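A short write-up of the structure that comes next.
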């Protein structure tokens, strides 16, 4: 007798692949955090860039999927953490413009997802939840670095989308 195959094996394979991608992201972040704590900024940057690429791929797959292969909050958190960790390294190196770009890019992306009615409700709600964190980070950065022009513009254009849209995103 042959084993019974799940008719959804391609879906199972996709979910396994996504989980593997999350594990790879976690490993990159862990290695980046270790390098960061040891003041090895180049190694931290390398690991955080790798983590960001993985997180961007996961986010792209969530945006394009009919059904979400992973918990969307996991994907959003990976995306935000990757950007914020890169910003921290850049800020420590004195590259305030690069740090500002990372923070703004994360907030702008979540803002676009939240505002796009063609996106799934679960994805938009997750963007709204994680947008609270990106908004807070932008405000903190703006206070620390004398209202950086890019951050000021992002706050003006994207604003506080995360709290303005408490109404249903259906």
The conditions are (1) over 30 Å from residue 34 (Cβ atoms); (2) surrounded by 22 or more Cβ atoms within 10 Å (Cβ to Cβ); (3) at pLDDT 90 or above, and residue 116 fails exactly one of them. Which is it?
(2)
Candidates 111, 82 - the one that is surrounded by 21 or more Cβ atoms within 10 Å (Cβ to Cβ), closer than 16 Å to residue 138 by Cα and at pLDDT 95 or above:
82
Number of the condition not met by residue 93 [criteria: (1) buried (at least 18 other Cβ atoms within 10 Å of the Cβ); (2) over 30 Å from residue 68 (Cβ atoms)]:
(1)
Report whether or not residue 64 is surrounded by fewer than 16 Cβ atoms within 10 Å (Cβ to Cβ) and at pLDDT 95 or above.
no
Which of the residues spanning segment 154-170 are part of a helix (DSSP H, G or I) and either at pLDDT 90 or above or surrounded by fewer than 13 Cβ atoms within 10 Å (Cβ to Cβ) (or both)?
156, 157, 163, 164
Of residues in segment 38-53 being under 13 Å from the mean Cα position of the chain (by Cα) and buried (at least 23 other Cβ atoms within 10 Å of the Cβ), the one farthest from residue 125 (Cα to Cα):
48
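The values are calculated or read from the model by the stated rules, or taken from the named source; none is laboratory data. These numbers were taken from a predicted model, which means no experiment stands behind them. Reconstructed Cβ throughout: ideal geometry from the backbone, glycine too, with neighbour counts over all protein chains shown.
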